[in-house]
Amino acid sequence: MATALTSRSFFWLLLIACIMGANHVAARFALDHGADVITAVSSRSLVTALVVALIVKIYRVPTAMNPRQRKFVWVIGTLLAAQSVLLYSAVARIPVGLALLAFNTYPLCTALWAAVLYRHRPDRYVLWAMPFILLGLGLALDVNPLSLGPMGLGVTLAVAASLVFGLVLVLTQHEVAQLDGRLRTAWSMATVGVLALCAGVAQGGFHWPHDVVGWTGLGALTALYGLGITLVFILLPKLGVVGNSPILNVEPVAALLMAWALLGQAMRPLQWLGALLVVASVMALGLKRR
């Protein structure tokens, strides 16, 4: 099998990146028009869990798990719930593309958690890419994450989401890698959905959109996320490429373009330079690891 991506594979990877970026743009519409983060997370996660569970049933995916795997599936689901809330909270406060850009530093967080929990030495490519990613992030965000304003809080939430997602990836690789990805996703999304439902009840109920634009955004983010995950687990294995191929890291740039066109969220040239530096560094890191 050739190591290079075919044009067909590249198309599908690019499509998935755009779909996942559009999911976050749709979330901003829903959040700006009455929905809250818990409502958005619960709707998205429960529908996705149902879709992937149906896929598991149709394809007769083995569902047996040993006790350790069962424990870590719940742990990973709980962490994904936290990551979802953190990232959507960031999207609600700062431009969508910048939130995803800060979140897109999760390869560094993955290397950090692997070193802390499993004593894995960081790959030298990670160490080489780190200063470029941090420099690009600083240029793109153009903000002090420790400031008290909404922008600084949004950046902090996005970076926290990156840290949590990095932990999810490390635990997935070391604790539940033997489970089929579709089964892991179904269990994880179900856990996220149930926790979000509990949080919604605890806060006194859900906050639904108050107009057509908000409902359209909520429906779109739910449909887009479900479609994106379905494509990841159905099409990518057939294409012979891994789920987190470097091409998927164009998601922040796609989100930046869509947010500019649909939300009017503009960036200065220096911020665009920083964004491109981050994405290029992460993609180079992924290609080197292949």
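Confirm whether residue 39 is surrounded by fewer than 17 Cβ atoms within 10 Å (Cβ to Cβ), touching a Leu at 6+ places or on another chain (Cβ under 8 Å) and touching a residue at least 12 places away in the same chain (Cβ under 8 Å).
no
I'd like to know if the range 177-192 contains one or more residues that are more than 24 Å from residue 28 (Cα to Cα), buried (at least 17 other Cβ atoms within 10 Å of the Cβ) and of a type in the set (D, E, K, R). Yes - at least one qualifying residue is present in the range 177-192. Cβ separations smaller than 8 Å between residues 6+ apart or across chains give the following pairs from the range 89-100 residues that are of a type outside the set (Val, Ile, Thr) to residues that are outside any helix (DSSP H, G or I): 95/265; 95/267; 97/265; 97/267; 98/267.
Here residue 68 does not qualify as over 30 Å from residue 260 (Cβ atoms) and either modelled with pLDDT under 90 or among the polar types (S, T, N, Q) (or both). The residue pairs whose first member lies in the range 123-145 and is of a type in the set (Ser, Thr, Tyr), whose second member is modelled with pLDDT of 75 or more, and whose beta carbons are closer than 9 Å, counting only pairs six or more residues apart or on different chains, are 125/284.
Restrict the check to the range 32-49 and report whether at least one residue is within 25 Å of residue 141 (Cβ to Cβ), acidic (Asp, Glu) and in a helix (DSSP H, G or I).
Among the residues of the range 32-49, at least one is within 25 Å of residue 141 (Cβ to Cβ), acidic (Asp, Glu) and in a helix (DSSP H, G or I), which makes the answer yes.
Does residue 221 count as surrounded by fewer than 23 Cβ atoms within 10 Å (Cβ to Cβ), in contact (Cβ under 8 Å) with a residue 40 or more places away in the chain and on the phi < 0 side of the Ramachandran plot? No: the conditions fail for residue 221.
Just to be sure before I move on: is residue 111 in contact with a Gly (Cβ under 9 Å, 6 or more places away or on another chain) and buried (at least 22 other Cβ atoms within 10 Å of the Cβ) in the structure I sent? Yes.
Checked against (1) touching a residue at least 40 places away in the same chain (Cβ under 8 Å); (2) under 21 Å from residue 162 (Cα atoms), residue 119 passes all but a single condition, namely (1).
In the range 53-88, the residue that is surrounded by the fewest Cβ atoms within 10 Å (Cβ to Cβ) out of those that are in contact (Cβ under 8 Å) with a residue 40 or more places away in the chain and outside any helix (DSSP H, G or I) is 62. Among the residues of the range 145-161, are any crowded, with 22+ Cβ neighbours inside 10 Å, within 17 Å of the chain's Cα centre (by Cα) and not small (Gly, Ala, Ser)? Yes. For the range 43-52, the criterion of a residue being over 27 Å from residue 177 (Cβ atoms) and not acidic (Asp, Glu) is satisfied by at least one position.
If you go through the range 195-218 and keep only what is touching a residue at least 24 places away in the same chain (Cβ under 8 Å), surrounded by fewer than 21 Cβ atoms within 10 Å (Cβ to Cβ) and of a type outside the set (Phe, Trp, Tyr), you end up with 197, 199, 200, 203, 207, 210, 211, 213, 214, 216.
The values are calculated or read from the model by the stated rules, or taken from the named source; none is laboratory data. Being a predicted model, the structure only gives us computed values, none of them experimental. A quick note on method: Cβ atoms are made from the backbone with ideal geometry, for glycine too, and the neighbour counts reach across all protein chains shown.
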